[in-house]
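**Q** The structure is given below, and queries will be raised subsequently.
The values are calculated or read from the model by the stated rules, or taken from the named source; none is laboratory data. The structure displayed is predicted, hence computed values, not measured ones. Here the Cβ is made from the backbone with ideal geometry for all residues, glycine too, and neighbour counts use every protein chain on show. Accessible surface areas use protein heavy atoms only, side chains included; no ligands, DNA or RNA. Shrake-Rupley method; radii C 1.70, N 1.55, O 1.52, S 1.80 Å.
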Amino acid sequence: MFEGDLRNETTANRIYPKNLTIAQMAEKEWDDLMEQASMRNQGMEIPYDPFPTQYELLLFSATQRAVAALASYPRSGNSLMRTMYEHTTLRVTGSDMQGGLAKHDLVGEMSVGCDKVQFVKTHFPERRGTPQFRCSRAVLLVRNPFDAIDSFFNLMMTGTHTQNISQEIREKTTKYFEEFALKEIRVWTRFHKYWLSQQIPVLLVRYEDLIREPAQVMSRVVQFVLEINNMGSFFGDRIDRCIKEQQEIERLGSYKPRSGGIGKSLSKYSPELIEKMKAEGFEEVLNKALHYGNLLKKPVSEWLDMPFLPDHAMEFEAKQNLIVVNQGNLSRSEKENTRWAMVKRELGIIDDKQCNCAQCVASRAGEKIKNGEGETNDSK
């Protein structure tokens, strides 16, 4: 029998037996990966074709300590990092919110307990997720505020993670975007100051480094989250297979991200708006604490070549064992909230019947009572 025929037969013989549960199949796949790693370490050739990474099953997996948090301001790349982590470790990541990402294959939404997951996304203190959970370490994933805030604006205007607003709407929203940017730069600044002041182990990772050198960044993240002293060959091979082999970075995400590139959003901020944002004091956090250097003094064409963080990530020493996430004050005050339904109604994107602001809801309720469609308290 030819070698290729033998390999095909060996692969075919590895078909799952009947009546296995999904969890049992996932455990079997993990055991197979361990077997393959052992063969490679012994210099043996694997006599069958492994599953393509996109078809591998994920495991819910407990941890013996409090979970690690993936903390990021919205639209800073947390979904991309979660997917990279899941592809590499075959472990489901959690989240303290139900943000609609389950339909994009991130199935751990609302899972925060150490009996289920090891790595949990949070936007706290930008917003408060549910429930509170104990956190023993955190990956702080950051992105320059110009790209992050513009992407956040697109998300809230379109209601999707993947679409951009049209040029026609963009021209109508100049005033609203400027108001939003000035609010959000304050939230962005407070958010990062909060996490940089925490006393648990924190690993600083930049989105701009992640999309340029994903394998090196994820190697640091996996080692930090799983507390691995020596990565060895297993996770190195996993990262090579799941990340380096991919030709397009968007294939790794849970959805195709919006087109753009590093710094491409800066043109949407007028010089006057940028000066107003500077007055809010974000540059010290951006340039020094997050190590972006004097970003605004460089042309956007050079942002793609910004120096990487040392070893592609920076770890801060710990002084305490854990914190409780979703407990305490938020970095977003009431005056920094944007009433999106009212904005869309004023722009003509939705009408009064679709608007869920208090004024429109009360108006619709009054019309129902007037038309005999509802009951007043006196008639009950």
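**Q** Quick one: which of Lys268/Lys297; Lys18/Lys116; Lys183/Lys268; Lys121/Lys335 span more than 24 angstrom between C-alpha atoms?
**A** In this structure, Lys18/Lys116; Lys121/Lys335 lie more than 24 Å apart at Cα.
**Q** Under a crude label model (7 Å from the Cα following the beta-carbon direction), how far is Lys276 from Asn229 in nanometres?
**A** The answer from the label model is 5.5 nm.
**Q** Please give the net charge around Ala66, taking every other residue with its beta carbon less than 11 angstrom from that of Ala66, where Lys and Arg add +1 and Asp and Glu add -1.
**A** Charge balance near Ala66 sits at +3.
**Q** Sticking with this structure for a sec: For segment 84-230, with every protein chain kept in place, what is the accessible area per residue (1.4 Å probe, Å²)?
**A** Heavy-atom accessible area per residue stands at 35 Å².
**Q** Sort 91-98, 60-67, 331-338, 311-318 for me by packing, meaning the mean count of neighbouring Cβ atoms within 10 Å per residue, highest on top.
**A** Packing order, densest peptide first, comes out as 91-98, 60-67, 311-318, 331-338.
**Q** Length gain on complete extension for the stretch Ala62 to Ser197, per 0.36 nm per residue less the alpha carbon to alpha carbon distance?
**A** Full-extension gain reported as 45.8 nm.
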